Amino acid sequence: MPRADYQVVIGLEVHAQLLTTSKLFSGASTSFGGAPNAHTSVVCLGLPGVLPVVNRHAIELAIRAGLALECRIANVSEWSRKHYFYPDLPKGYQVTQYEHPLCLGGRVVFDTPEGEKAVRLTRIHVEEDAGKLVHEGAASLVDLNRAGTPLIEIVSEPELRSADDAVEYLKALRDVLVWVGVNDGNLEEGSFRCDANVSVMKHDATTFGTRCELKNLNSFRFIKQAIEVEAQRHVELLESGGVVEQETRLFDPQRGETRSMRSKEDAHDYRYFPEPDLPPLVLGAGDVDSIREALPELPRARRARYVTSLGLSAYDAQVLTADRAFSDFFERCVAEAHEAKPVANWFMGELSRLLNETNTTVGEVKFSPAQLAALLRAVKDGVISGPGAKEVFAELFATGKDVQVIIDEKGLAQVNDDGPLLLAIEQALAESPKNVESYRGGNTKIVGYFVGQVMKKLGGKGNPKRINELLVEKLKG
Amino acid sequence: MKLTEQQVLHVAKLARLALTPDEVATFKNQLSAILDAVDELARVDSATTLVAPAGSEGLALLRQDVVQGEVGTEAALANAPQVAGTSFAIPKVLE
């Protein structure tokens, strides 16, 4: 029986590192890349007789993530100990939230070729990260710099039905978390990590199949691949009369297969109990409201607004909201210029190109929204030509100089006055009486030739629109 | 609550303890007695809703997000039986 007779059922658990300066329960730094164990304290080393103290900002960020994902925020939540023995876990337990997490419910909305979909969240809880192990020769080396770093775990309901949807879900989730400043979205460095619970069931089945948990999925491509090969493995197993064992499996990207992690087989008895060293986490009146008020407009809402109220295409809206700082700067420029489409064109064209070329971010841009507005006005008023505007923009980007100063310095101002234009036109007409005849004989296309001639005389600075108008007037006699 | 030998062995395995048959018997009794004592708590009405301890509410009570109290690699590694560079070196753990 083929794979088509089965549907895959996927639930995702995402661990996202919160962008704090210090760890969840101690003042040790969360900075990445120091010498091993440089960023440790008595708390994250798991020394006896010390007590954890909760980092306020970590909780604020977790609440912010919860609000952005439409969760209910629990006024009272609880810390728990999750026990297992592994050398990257100095205390022998991880402090996490179990029975009473900080955020409940919520959802992630994402686009698919079949349209918009929403997958519900079970919960978001706060927990500390473990340390890092490096295997070298006959030894394993323990680095506890990461131990105690604050994470949120975002748990979805098993509502995803394809690997493609799982990837879209993750991208949308990452977009939101990065947008609201909770997480840096980096899969490779492990600050945004995903585990996938995968099972298969026949289309008419009413209960889920046995699931396996997949780990080591550190790129969107691997996630898609891992889910697909795992689903295929389940189908083949079931079709040949076997059963799926519930277990944790590691994805091997080199071989494109998943394999059992035997070391974790009987590690699933975590003996959770409430953390006696920490009181329940109790929010005060107004805590959630003040975080809600500071929440920025979210990317999907902003995209929708760009289409409905700025009149941009869905594609433009997507490109302009790929990055929050870029989008925020775009908003400020639109507010200054009072029109969206021309600003959008500069942002998606020249600005993106120059940012890319100079490897800078929009935060480092030297010009102000008012200066870009001045440039747009200069184009609109015919002060400079289209190609001239590009030159001005490049200079504006490089130096942040005043637009009028750039125009003057580069001599880019167009000749708009009829006087000099007419003078050049009369010269051009006098030089080619044959072509004037030709025009009057019905060959009106020849006006292009004259525009070129006039431009040449004006050193390319004539206003082409006005030249055209005046030429036609003259030629018609 | 009477624990079975199997439960004792399971807990011992989770705790990475190798128990002799005599110890299993001893701990079976001791752990059962501890659980009986803890069972006393069952008489308390333990609602599943959390109750906030008085005076503990509000994010303002929590620690500010500033770096302080790092001990440095030397102190961090002072008790380590074996060190490589500034890492704790342990017998190889295979995944």
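Just so you know, all these numbers are worked out from the coordinates, no wet-lab data involved. All values derive from a computational prediction rather than experimental measurement. Virtual Cβ from ideal backbone geometry, glycine too; neighbours counted across all protein chains shown.
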(request) Provide the FRET efficiency to the nearest 0.05 for the A:Thr21-A:Lys132 pair, computing r from the beta carbons and using R0 = 22 Å. (result) 0.65
(request) Determine, from the Cβ-Cβ distance of A:Ala314 and A:His203 and an R0 of 41 Å, the FRET efficiency 1/(1 + (r/R0)^6), rounded to the nearest 0.05. (result) 0.80
(request) Just tell me how shielded A:275-282 is by partners: mean number of partner chain Cβ atoms within 10 Å of each residue's Cβ, no decimals. (result) 3
(message) Full-extension gain between B:Thr4 and B:Val66, please, as 0.36 nm times their residue separation minus the C-alpha to C-alpha distance.
(response) 17.4 nm
(message) Using a 10 Å cut-off around each Cβ of peptide A:134-140, what is the average number of partner chain Cβ atoms that fall inside?
(response) 5
(request) Take a quick pass over the stretch A:1-134 and tell me how many lysine pairs come in under 25 angstrom between Cα atoms, counting only ones 8 or more apart or on separate chains. (result) 6
(message) Compute the orientation-averaged projected area for the stretch A:8-77 from the convex hull of its Cα atoms and round it to one decimal in nm².
(response) 7.5
(request) Take A:Trp179, A:Trp79 and order them by how many other Cβ atoms sit within 10 Å, fewest up front. (result) A:Trp179, A:Trp79
(request) Mind listing the long-range amide H neighbours of A:Gly106? Cut-off is under 5 Å, sequence gap 5 or more, other chains count too, H placed in the peptide plane at 1.01 Å from N. (result) A:Arg72, A:Leu121
(message) Using only Cα atoms and rounding to the nearest 10 degrees, what angle (0 to 90) does helix A:220-239 make with the longest principal axis of chain A?
(response) 50
(message) Given a Förster distance of 30 Å, report the FRET efficiency between B:Leu35 and A:Tyr86 from their Cβ-Cβ distance, rounded to the nearest 0.05.
(response) 0.65
(request) Taking H placed 1.01 Å from N in the peptide plane, check which residues at least 5 places from A:Leu281 or on another chain put their amide H under 5 Å from its amide H. (result) A:Ser77, A:Glu78, A:Trp79
(request) Calculate the length of the line joining the C-alpha centroid of the stretch B:18-77 to that of the stretch A:110-169, in whole Å. (result) 26
(request) Can you quote the Å³ per residue value for the convex hull of the Cα atoms in chain A, rounded to an integer? (result) 234
(request) In nm, give the distance between the simple-model label positions of A:Glu431 and B:Val51, each being 7 Å from the Cα along the Cα-to-Cβ direction. (result) 9.8
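With the cut-off at 1.5 for a/c, could you classify the stretch A:418-475 from its C-alpha gyration tensor as rounded, prolate or oblate?
Taking the square roots of the gyration eigenvalues as a ≥ b ≥ c, the stretch A:418-475 is prolate.
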(request) Sort A:286-298, B:82-94, B:28-40 for me by packing, meaning the mean count of neighbouring Cβ atoms within 10 Å per residue, highest on top. (result) B:82-94, A:286-298, B:28-40
(message) What do you get for the angle between helix A:56-68 and the principal long axis of chain A? Use alpha-carbon atoms, 0 to 90 degrees, nearest ten.
(response) 70
(request) Work out the mean other chain Cβ neighbour count within 10 Å for the residues of A:86-96 and drop it here as an integer. (result) 1
